[in-house]
1. Test of understanding: what is the full-extension gain from residue 143 to residue 163, defined as 0.36 nm times their sequence separation minus their Cα-Cα distance?
2. In nm, give the distance between the simple-model label positions of residue 261 and residue 71, each being 7 Å from the Cα along the Cα-to-Cβ direction.
3. Could you check the simple spin-label distance between residue 5 and residue 114, using points 7 Å along Cα→Cβ, in nm with one decimal?
4. Shape verdict for the range 69-117, please, from the Cα gyration tensor: rounded (a/c under 1.5), prolate (a/b greater than b/c) or oblate.
5. With a/c under 1.5 counting as rounded, go ahead and sort the chain into rounded, prolate or oblate using the C-alpha gyration tensor (a ≥ b ≥ c being the square roots of the eigenvalues; past the cut-off, prolate if a/b is larger than b/c, else oblate).
6. Relative contact order for the chain using alpha-carbon pairs under 8 Å, separation at least 6, rounded to a whole percent?
7. Once all Cα-Cα distances of the range 171-232 are split into 10 Å bins that start at 0, what whole-number percent is in each one?
8. For q values of 0.12, 0.21 Å⁻¹, compute log₁₀ I(q)/I(0) with the Debye formula on a Cα-only model of the range 193-270, without solvent.
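Derivation of every value follows stated rules applied to the coordinates shown; laboratory data play no part. Being a predicted model, the structure only gives us computed values, none of them experimental. Neighbour counts run over all protein chains shown; Cβ positions are idealised from the backbone, glycine included.
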Ligand SMILES: C[S@@+](CC[C@H](N)C(=O)[O-])C[C@H]1O[C@@H](n2cnc3c(N)ncnc32)[C@H](O)[C@@H]1O
């Protein structure tokens, strides 16, 4: 999948870009998945730890583990939630025994997995029988306002490269209902699909723009690849499309969510 390498970057820049939606989204995903005190949980693709922290608050840190293939993001997660064990690992190769968790969650990650089917198999393997597996992804093509406006602006200033990089086009599993299909293909039962609505506040357009030239996330990588003139044109087109300026504002964002129930632990595939 495109873009996973763009998260081997500054966790601070990530937090200022999409990470600022993380805590609200984590609470919404936890509610959607039906996570209750007494459960153990794994956060797959934890990034700097928004969902890990929310899980630790609800379940107790000793009942939570987290994994991410990006060493700087795993380190940022450890710094944020020091009592949680955080491992550097991808979804496709989770270093946990079969049937270890009552819940396996993944926030904004499935579309970045190099092999989402293998990632799902691993998530199901480490889940106990009857455990909940839940995930969410941005509605890049529709109501994730920040990123939709960004890619529309990118396509305006560089139609060819903007279209090739537009996450609303290139990201799989991010359309209405697509994640549910992946969950069913993985053999999960009782699959539920829905929308999570969140928002984030900004002090000004500059507050929103400042992480992008660092190159974090696919949007940042696109921004950073432009020469200064085109980057300035992107900045202006983006600001105009959002209709914001020097004062504070808020943006809404929609994520698609899925939850399902694990069956018997699977034998390792040959
Ligand atoms: C958009 S960030 C989401 C981070 C965090 N879950 C959050 O909600 O803020 C995507 C994360 O997926 C991680 N990632 C990329 N490829 C992955 C894979 N194959 N397995 C697990 N995580 C992966 C990245 O390192 C990054 O931390």
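1. On the way: separation 20, 0.36 × 20 = 7.20 nm, distance 1.79 nm.
Gain on stretching residue 143 to residue 163: 5.4 nm.
2. 4.3 nm
3. 1.1 nm
4. Numbers: a/c = 1.80, a/b = 1.21, b/c = 1.48.
Cα axes put the range 69-117 in the oblate bin.
5. prolate
6. Working: 576 pairs, mean separation 61.9, N = 270.
Averaging sequence separation for qualifying contacts and normalising by length gives 23 percent for the chain.
7. Final binned percentages: 17, 29, 25, 22, 7, 0.
8. -0.54, -1.04
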